[in-house]
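> The structure under discussion is supplied below as structure tokens; questions concerning it will follow.
Here, each number is a calculation from the coordinates, and none is a lab measurement. Everything quoted here is computed from the prediction, not taken from an experiment. Note that each Cβ is placed from the backbone with ideal geometry, even for glycine, and that neighbours are counted across all protein chains shown.
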């Protein structure tokens, strides 16, 4: 039996045992950690089906898209999570990461800063902003790039 079949069977059995979206978020995190991307995607999809408005599931799905360089899809998930959790810094620095990858530097600035404004005590937000400022010194907006 292949690993994919085993994971599929496991997901089916677990789905019969629980209808807890957070359980499937945790399972998705576990699969991501052991580099079982397809299984992680399946777990997050199950979590989303169980609770379509869970902001953390949208963040996890956004992170999976980010890991696969699917930036538009990641941004869509992060924006949706932000609509559900407008007072959570993580929603903003996740979007900032996307804007940085897309070389939309002004938006990256705005969203890294916004994350810290929302929660000045959030260590991750402050760390993300500090690292961004170091990277930003070496970048120019696209319109200033030499040709």
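> What does the extension gain come out to for residue 69 and residue 101, with contour length at 0.36 nm per residue minus their alpha carbon separation? Display every interim value, and only then the final one.
On the way: separation 32, 0.36 × 32 = 11.52 nm, distance 0.90 nm.
Stretched out fully, the residue 69 to residue 101 stretch lengthens by 10.6 nm.
> Right, next: Students often check this: by mean Cβ neighbours within 10 Å, which of 45-52, 90-97, 77-84, 31-38 ranks highest, and how do the rest follow?
On the way: 45-52: 17.6, 90-97: 24.5, 77-84: 20.0, 31-38: 13.6.
Output ranking for 45-52, 90-97, 77-84, 31-38: 90-97, 77-84, 45-52, 31-38.
> If you average 1/r across every pair of different Cα atoms in region 12-119 and take the reciprocal, what Kirkwood value do you get, in Å?
Details: mean 1/r = 0.0707 Å⁻¹.
After inverting the mean inverse Cα-Cα distance, the result is 14.2 Å.
> Suppose R0 equals 35 Å; then what is the FRET efficiency for residue 130 and residue 84 from their Cβ-Cβ distance, rounded to the nearest 0.05?
Details: r = 27 Å, r/R0 = 0.77.
Once the sixth-power term is evaluated, E becomes 0.80.
> Need the full-extension length gain, residue 34 to residue 53, defined as separation in residues times 0.36 nm minus the C-alpha distance. One decimal, nm. Don't skip to the answer; put the middle values down first.
Working: separation 19, 0.36 × 19 = 6.84 nm, distance 2.67 nm.
Extra length from residue 34 to residue 53 when fully extended: 4.2 nm.
> Over all directions, average the projected area of the Cα convex hull of region 72-140 and note it in nm².
The orientation-averaged projected area of the Cα hull of region 72-140 comes to 4.1 nm².
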